[in-house]
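The structure appears right after this line, and notes come after that.
The values are calculated or read from the model by the stated rules, or taken from the named source; none is laboratory data. For clarity, every value in this text was computed on a predicted model and none was experimentally measured. No Cβ is skipped: glycine too gets one built from the backbone with ideal geometry, and neighbour counts run over all protein chains shown.
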Amino acid sequence: MSHDELATLPNPRYRVLLLDFDGVLRQWPDCDDAIEIAHGLPVGSLRRIAFVPALLDQALAGRITDEQWREQVAERLRATYPGSAAEAAVGQWSQPCGQLDTEVMALLDACRPDLRLVLVSNATTRLARDLQTLGLSERFDAVVNSSELGMIKPEPEIFRAAFARAGVEARQALFVDDDADNVAAAVELGAHGLRYRDCAGLRSWLEAADALRD
């Protein structure tokens, strides 16, 4: 059985739902064309530079702050495209904090009241601010942020930290992520995982796991 396919789950009653943030609960626009064109940058250049692993991983692991990461993105854009308004582009690009998926939020509201909800995110030091802006500061029983722990999914220690904060063993945990490698890592430790594709699949999986209210 593939770890990322819906399957019949074992009998133990699950005590925690570990949930990825970006790509599951929070969604972003597919592109940044309007910002790039308005500031003299080639289409696709913002994400191409911002998300290069050698730079992004420093922010996700907390070796640099979110502000430092964005400053370096602007510096690299300016060096690569000297005629652009790189700083202004990064400033505008940095203003939004994404959109919550209302269907997934409704599913969380439909979970059993005794099922703990823990956010497990590869995120920069800006995560707490974004959660507050989106009205989620008090929504989770715990938040596991890679930049605070100094480790990034799929490193096993980030999952062990999440189990510990939830006060559960791995076999008592459900884990949902849109990245197959992250799901595989959680499953390897003993959790039951789902690679997120859409809300309908998540609902079916949660129903099979007896995670929703009767």
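Mind checking whether some residue in segment 62-79 is modelled with pLDDT of 95 or more, surrounded by 14 or more Cβ atoms within 10 Å (Cβ to Cβ), of a type in the set (Ser, Thr, Tyr) and outside any helix (DSSP H, G or I)?
yes
Does ALA186 satisfy the criteria of being under 19 Å from VAL16 (Cα atoms), among the aliphatic types (A, V, I, L, M), crowded, with 18+ Cβ neighbours inside 10 Å and over 16 Å from the mean Cα position of the chain (by Cα)? Talk me through it step by step, then tell me what you get.
Working: under 19 Å from VAL16 (Cα atoms): yes; among the aliphatic types (A, V, I, L, M): yes; crowded, with 18+ Cβ neighbours inside 10 Å: yes; over 16 Å from the mean Cα position of the chain (by Cα): no.
It is false that ALA186 is under 19 Å from VAL16 (Cα atoms), among the aliphatic types (A, V, I, L, M), crowded, with 18+ Cβ neighbours inside 10 Å and over 16 Å from the mean Cα position of the chain (by Cα).
Matching residues to (1) surrounded by fewer than 17 Cβ atoms within 10 Å (Cβ to Cβ); (2) of a type in the set (A, V, I, L, M):
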site	(1), (2)
PRO53	yes, no
ALA59	no, yes
THR102	yes, no
LEU107	no, yes
LEU119	no, yes
ARG126	no, no
